[in-house]
Amino acid sequence: MTHNPAYFSMRSACPVCDGIDQDLLYAAPMTTPPVRDWIESHFRRQGIVDWTMLSGTDYTLVRCRACALIYQQAAPNAAMLETLYTRMISDSFLATFENGLLTIDAFQKIAGELALLFRATGKHPSDIRFLDYGSGYGRWGRVARALGASVFATEIGDDKLRAMADLGIRTIDDAEIDTMRFDIVHTEQVFEHLVTPRETFIRLAARTDGLLKISVPRYEPVAALLKTKGMTRRSAFGDMLDGAPPRKEDAQYGALLPLEHLNMFSPKSMAVLAEAGRMRITSTVRRRSTTLDFSGATGLARSAVQVAKAFAREVSGANSGYYLFQPLRGD
C-alpha cells in the first residue's frame, strides 16, 4: 500500500478506536482503472482533477475488526483537502448546485427537523447558540438563523465564507470552537469526510451543552458487494448530473467515494465515539415536524404521505446514519 506523503497521510490505525487489526477490502492505485475512472466520472463536471497529486497513492479500503469502521487508509492532507474542496469541486459549481437545493420542500424538511432540535434544548430560539460545523453554503445555517438562533459556522474556501457573511452568519476559525460553547452542534454529511473523526468528535462534544447531531451515509454491506461485483467505474453523483438512471448499488458505492468519503461508520463505531466524548446516543432516527398543506386535496395527500413515512421510520428504527448525542449527566 503506497501513498504520496506530499499530499496524503497513511492511517495505519483505526481513526475511531485506534485498532490495528483490519480486514483488507480493496486496494488499487488512484490513477489506474477502475478507481481513476470512478474519480473522473465524479469530478469531471465539478472541477479539475490534478492527477499528479494522486499519482503514487493507492485507494486502500479496510474494515476495523474492533469497531467495524470501514475507512480509506490514505487520507488527504491539508494541501490535498484545499485542492479537493476548492478546485476539484469548484466554488462556482457548488454554489449553483446548492442554490438548486433551496426548494420549499427542502426548507420545510430542514425547518421541521431543527424545530424539534430547538425544542429539545428547552430554550427560547433567540437564546440558542448553534454551530453549523462544515456548513457548505448555509443550507441548514440559514434556516437556524431564520428560527432565531445565534448561528456560527465553519467551512473551507473564501466563497463559502463570503456566502455565510451575506446570510448574516458568523464564520469562525476551527480553533475558536475550543473557546466557545453551543446548545446545538450540527453536522450534516461531514464526519465521513474527516481525517481524524475521533479527535473532532471529542472536541465538539466538549463544547456541546445540549445536542450534537451527526448525519452520515448509512452503513452498507460493501464487503459482499466488492466480492460479487468488484469496484465501480462510475460515480452515482456524476450519473445523476448526466441524467442517467440510478442503480440499486449506488448508495453502497457512494459511501466509499475516493478522497471524500473517508469513513463509513458502523453503529458500534458511533458507540465508541460516544464513550470517548463522554456522551450518550439518544436517537438514531431522523425526526421532523410536518406541516400539513391545506391548499387542496393534492397538498393534503402529500402531507399525509410524509406523516406516514415519518411514522414508519420511527417504528422501524432503521439505521439511516443519523445520530443524536447528549452529554452524560453529571458532566
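Quick check on the chain: helices-only [θ] at 222 nm, where DSSP H runs of length 4 and up contribute -39,500 (n - 2.57) each and the sum goes over total residues. Nearest 500, please.
Values: 13 runs with 122 residues, N = 331.
About -10500 deg cm²/dmol.
Between residue 242 and residue 276, what is the FRET efficiency for a Förster distance of 41 Å, r being their Cβ-Cβ separation, to the nearest 0.05?
In this case the efficiency is close to 0.50.
Please report the relative contact order for the chain, taking Cα pairs under 8 Å with a sequence separation of at least 6, and give it as a percent rounded to a whole number.
Values: 592 pairs, mean separation 65.9, N = 331.
With pairs under 8 Å counted, the relative contact order is 20 percent.
Enumerate the lysines that residue 268 could reach by cross-link, defined here as Cα to Cα under 20 Å, with residues fewer than 8 away along the same chain left out.
Once the sequence-local lysines are set aside, what remains near residue 268 is 213.
How high is the relative contact order of region 149-298, in percent, counting Cα pairs under 8 Å that sit 6 or more residues apart? List each step's numbers first, then the result.
Numbers: 137 pairs, mean separation 32.3, N = 150.
Dividing the mean separation by the residue count of region 149-298 yields 22 percent.
What order, most packed first, do the peptides 69-75, 103-109, 249-255, 263-269 have when packing is the mean number of other Cβ atoms within 10 Å of each residue? Display every interim value, and only then the final one.
On the way: 69-75: 24.3, 103-109: 12.4, 249-255: 18.0, 263-269: 20.9.
Output ranking for 69-75, 103-109, 249-255, 263-269: 69-75, 263-269, 249-255, 103-109.
Whole angstrom only: what separates the Cα centroid of region 174-204 from the Cα centroid of region 66-136?
The two parts, judged by their Cα centres, are 12 Å apart.
Since every read-out is calculated from the coordinates, none of them should be taken as a lab result. Since the structure is predicted, the reported quantities are computational estimates derived from the model, not experimental observations. Quick reminder, even Gly has a Cβ in these numbers, built from the backbone with ideal geometry, and neighbours come from all protein chains shown.
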